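Asker: This structure is in structure tokens; I'll ask about it shortly.
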Amino acid sequence: MTTSSPRPLTGIRVIDLSRLAPGPYATMLLADMGAEVITVGAGGDAGVAPVFARGKTLIRLDLKQDSGRRALHRLIETADVVMEGFRPGVADRLGAGYAELSAINPALVYCSLTGYGQDGPRAQEAGHDINYLAAAGVLGALGPADAPPTVPLNLIADFAGGSLFAVAGILAALVARQATGRGRHVDAAMMDGCLSMMGMHADMWGSDFMPARGKGLLDGGAPFYRCYACADGGHMAVGALEPAFFANLWRVLGFDDPVPYHMDPDLWPALEARLTAAFASRSRDDWAARFDGAEACVTPVLSPEEIASDPQARHRLGQAPTTVPLAPKFDGDSAPFPAIDMADRTAEVLTKAGLPAAEVATLVEANAQARTRSLEWPPRRAPKASQTPKAKTV
């Protein structure tokens with residue numbers, strides 16, 4: 001008989017002031033782990049895209065108004081964590097900075113998730129994932145040698161160097177709070193996360209196995225760690241680094257000559273030519289069947305729409321939508337998958353927090369009159385008529 005245990009962060013209340021992707025993804029992971037997450041949008045903005053809204057309660061407060069700040073401060077009294085992603089200094093001007101909120105609740109763990117951190121010459125610069133990758137030396141290491149650097153979606157800086165580093169910092173601060181009773185200010189910078197993750201590769205840079213972009217061991221330069229086109233236009237991903245895996249790769253591809261020493265970079269051009277010709281001789285699914293169980297670290301490259309039918313993905317996702325990421329799994333957790341609720345719960349949350357009914361009504365009415373100001377996600381092919389910029393006269 002399986003017993004259900006509370007999720008690890010049950011009882012933790014998170015107030016999320018962040019926008020776009022890194023902060024909302026981080027707080028969704030906290031919600032997946034059991035935290036109560038209240039996302040604070042502004043006026044007509046929900047503050048979170050539906051894909052990151054799982055398990056969250058959405059409210060709207062205009063922090064540029066005294067009434068909005070008072071409402072936020074009331075919520076802070078019972079909060080454990082605050083997440084914000086403004087440029088340094090902006091939260092302070094909105095009455096939502098660390099000094100002001102920690103004075104209200106000294107046990108508060110306050111996470112500032114930004115591109116370049118709270119200090120330094122770039123701290124006030126605008127940026128996105130691609131800019132933080134560029135500044136951290138990551139982008140300069142990605143892509144083929146004879147083309148511009150390859151942009152890896154916004155996975156590395158936003159989600160790995162941003163969201164996941166922020167979650168790690170928040171969890172560490174919550175653990176420390178158990179001993180001290182006081183919260184901490186977590187300064188999570190996406191550039192810092194990228195620099196940290198680049199440690200191994202930066203140390204190898206300029207060596208025989210990472211001499212330059214597109215010519216290294218793990219960047220597609222090695223013929224046994226890259227993707228190959230198949231006869232039907234599909235691709236196979238090859239990661240046969242270890243000798244045993246490379247030997248199995250050699251065997252499944254049908255080569256009957258002795259297995260070469262694959263770690264000799266001088267042999268890579270010839271090996272790449274042979275592997276390219278071999279994979280091009282059959283379809284992706286044919287090769288996938290041949291490598292199934294072969295212990296060669298070779299897998300078919302799936303497109304996002306194929307995930308729904310992949311047995312491993314379906315097993316791990318369970319009843320979750322295939323496009324929505326998951327937090328780590330914990331033993332004893334059999335709770336139903338958190339729902340996505342995009343309804344405005346401002347009145348409900350503020351009333352429960354003890355704000356006077358008249359003040360709640362005023363805040364809700366102000367939200368109804370406000371216009372959306374943030375980027376829609378996913379973007380539209382063309383903006384709404386009211387949002388179309390007027391043409392400038394020359």
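The values are calculated or read from the model by the stated rules, or taken from the named source; none is laboratory data. Values in this document were obtained by computation on a predicted structure and should not be read as measured data. Backbone-built Cβ (ideal geometry, glycine too); neighbour counts: all protein chains shown. These area figures cover heavy atoms from the full protein model, side chains too; ligands, DNA and RNA do not enter into them. Shrake-Rupley method; radii C 1.70, N 1.55, O 1.52, S 1.80 Å.
Asker: If you scan region 9-49, which residues turn out to be of a type in the set (Ser, Thr, Tyr), buried (at least 20 other Cβ atoms within 10 Å of the Cβ), free of Cβ contacts under 8 Å to residues at least 60 places away in the same chain and over 16 Å from residue 343 (Cα atoms)?
Answerer: Correct list: 27 only.
Asker: In region 102-120, which residues are surrounded by fewer than 22 Cβ atoms within 10 Å (Cβ to Cβ) and either assigned to a helix (DSSP H, G or I) or in contact (Cβ under 8 Å) with a residue 12 or more places away in the chain (or both)?
Answerer: Initially, region 102-120 is screened for residues surrounded by fewer than 22 Cβ atoms within 10 Å (Cβ to Cβ), giving 102-107, 117-120.
Selection gives 102, 103, 104, 105, 106, 107, 117, 118, 119.
Asker: Can you tell me which of (1) over 23 Å from residue 215 (Cα atoms); (2) over 18 Å from the mean Cα position of the chain (by Cα); (3) not in a loop (DSSP other than H, G, I, E, B) is the one residue 140 doesn't meet?
Answerer: (1)
Asker: Which residue pairs have Cβ atoms closer than 6 Å, lie 6 or more positions apart in sequence or on different chains, and pair a first residue in region 231-254 that is closer than 13 Å to residue 297 by Cβ with a second residue that is buried (at least 18 other Cβ atoms within 10 Å of the Cβ) and among the hydroxyl-bearing types (Ser, Thr, Tyr)?
Answerer: Every condition considered, the pairs that remain are 236/228; 239/225.
Asker: If you go through region 212-231 one residue at a time, how many are more than 15 Å from residue 142 (Cβ to Cβ) and surrounded by fewer than 17 Cβ atoms within 10 Å (Cβ to Cβ)?
Answerer: The qualifying residues number 2.
Asker: Shifting gears a bit: Could you list, in sequence order, the residues of region 266-282 that are surrounded by fewer than 16 Cβ atoms within 10 Å (Cβ to Cβ) and under 35 Å from the mean Cα position of the chain (by Cα)?
Answerer: 276, 280
Asker: Let me ask something else. Filter region 173-216 down to the residues that are among the aliphatic types (A, V, I, L, M), touching a residue at least 12 places away in the same chain (Cβ under 8 Å) and not in a strand (DSSP E or B) and list them by number.
Answerer: 173, 174, 190, 191, 195, 197, 198, 202, 204, 212
Asker: Residue 241 - would you say it is in a loop (DSSP other than H, G, I, E, B), open to solvent by less than 60 Å² (accessible area, probe 1.4 Å), modelled with pLDDT of 95 or more and more than 30 Å from residue 34 (Cα to Cα)?
Answerer: On the way: in a loop (DSSP other than H, G, I, E, B): yes; open to solvent by less than 60 Å² (accessible area, probe 1.4 Å): yes; modelled with pLDDT of 95 or more: yes; more than 30 Å from residue 34 (Cα to Cα): yes.
It is true that residue 241 is in a loop (DSSP other than H, G, I, E, B), open to solvent by less than 60 Å² (accessible area, probe 1.4 Å), modelled with pLDDT of 95 or more and more than 30 Å from residue 34 (Cα to Cα).
Asker: Residues that are in a loop (DSSP other than H, G, I, E, B), surrounded by 12 or more Cβ atoms within 10 Å (Cβ to Cβ) and at pLDDT below 85: does region 284-303 have at least one? Please lay out each step first, then the result.
Answerer: Of region 284-303, the ones in a loop (DSSP other than H, G, I, E, B) are 292-297, 301-303.
So of that shortlist, the ones also surrounded by 12 or more Cβ atoms within 10 Å (Cβ to Cβ) come out as 294-297, 301-302.
Those left that are additionally at pLDDT below 85: none.
No: region 284-303 contains no residue that is in a loop (DSSP other than H, G, I, E, B), surrounded by 12 or more Cβ atoms within 10 Å (Cβ to Cβ) and at pLDDT below 85.
Asker: Still on this structure: Going by the structure shown, is residue 355 modelled with pLDDT of 85 or more, open to solvent by less than 50 Å² (accessible area, probe 1.4 Å) and either assigned to a loop (DSSP other than H, G, I, E, B) or in contact with a His (Cβ under 6 Å, 6 or more places away or on another chain) (or both)?
Answerer: Values: modelled with pLDDT of 85 or more: yes; open to solvent by less than 50 Å² (accessible area, probe 1.4 Å): yes; either assigned to a loop (DSSP other than H, G, I, E, B) or in contact with a His (Cβ under 6 Å, 6 or more places away or on another chain) (or both): yes.
So residue 355 fits the description; yes.
Asker: How many residues are out of contact with any helix residue (DSSP H, G or I) (no Cβ under 7 Å at 6 or more places or on another chain), open to solvent by 10 Å² or more (accessible area, probe 1.4 Å) and touching a residue at least 12 places away in the same chain (Cβ under 8 Å) if we restrict to region 50-79?
Answerer: Count: 8.
Asker: Moving on. Among the listed residues 160, 126, 145, which satisfies the condition of being open to solvent by 50 Å² or more (accessible area, probe 1.4 Å), small (Gly, Ala, Ser) and without any contact (Cβ under 8 Å) to a residue 40 or more places away in the chain?
Answerer: The match here is 126.
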